[in-house]
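These notes concern the structure reproduced below.
The values are calculated or read from the model by the stated rules, or taken from the named source; none is laboratory data. Just so it is clear, the structure is predicted and the values come from calculations on it, not from any experiment. Cβ coordinates were reconstructed from backbone atoms using ideal geometry, including for glycine residues, and neighbour counts include every protein chain displayed. Calculation scope for accessible area: heavy atoms of the full protein, side chains included, ligands and nucleic acids excluded. Shrake-Rupley method; radii C 1.70, N 1.55, O 1.52, S 1.80 Å.
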Amino acid sequence: QQQTFHQQQQQQQQFISLRDKINLFLNQPRSLPIPRWISPQRVTFTYSEMFGHASFLLVAISYAVDDHLQLRLIAIAGSSAMLVFTFFHPHGRPLFLPFKWNLLFILLNSWRVARVYFDRFRGEQFMSDSLYRNIFEHHFSVMDKTDFARLLRLGTKEIFHKGDVVVQQDADNRVSFNF
């Protein structure tokens, strides 16, 4: 057990040293080569700060998109950049409160993106049936295929034979049938 404990300590030290190396790289001040005739001041930045700025820039861009899928993908990218900024914060200590919240946002948005792609996949599966594809093309073409597939999943399939009464005039027909 002592050997295992010693190995665990070495692994933790390697992780810490790797984290410290990344932290040093991301927080090392770099200067932006701006000609002196534009600005006599020296402009410095760190990669960690750039991740923070990129995060807020992506949030601003997400307000300009109309598509929900694009918005979620941009939100995932922005939250990921914020994860890097909060974990390798310029003040030297990780900010775990925003780190955890951004991790939660990434998970939620990733789940919603996966759900959109899964719904699209299921919509394509419904379109492989020639009957459903024909109904879609002739009667529901203004609808999105995923919405049409969702509508079909809400219904039940019933088979009627020649001569069966489906609906009657002047009767209480509370059931809607689509063919």
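Tabulated data for the structure shown
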{"item": "Looking only at region 15-74, and only at residues there that are closer than 30 Å to Asp119 by Cβ and among the β-branched types (Val, Ile, Thr), the one that is most open to solvent (accessible area, probe 1.4 Å)", "result": "Ile61"}
{"item": "Ser110 vs. criteria closer than 28 Å to Arg19 by Cβ and modelled with pLDDT of 95 or more", "result": "yes"}
{"item": "Residue in region 41-50 that is in a helix (DSSP H, G or I), of a type outside the set (Ser, Thr, Tyr), under 27 Å from Leu104 (Cβ atoms) and at pLDDT 90 or above present", "result": "yes"}
{"item": "Test: residue in region 80-93 that is open to solvent by 50 Å² or more (accessible area, probe 1.4 Å) and touching a helix residue (DSSP H, G or I) at 6+ places or on another chain (Cβ under 6 Å)", "result": "yes"}
{"item": "Hits in region 18-40 (condition: outside any helix (DSSP H, G or I) and of a type outside the set (A, V, I, L, M, F, W, C))", "result": "Gln28, Pro29, Arg30, Ser31, Pro33, Pro35, Arg36, Ser39, Pro40"}
{"item": "Out of Ala60, Ala81, Ala75, sole residue that is in contact with a Leu (Cβ under 7 Å, 6 or more places away or on another chain) and either touching a residue at least 60 places away in the same chain (Cβ under 8 Å) or part of a helix (DSSP H, G or I) (or both)", "result": "Ala81"}
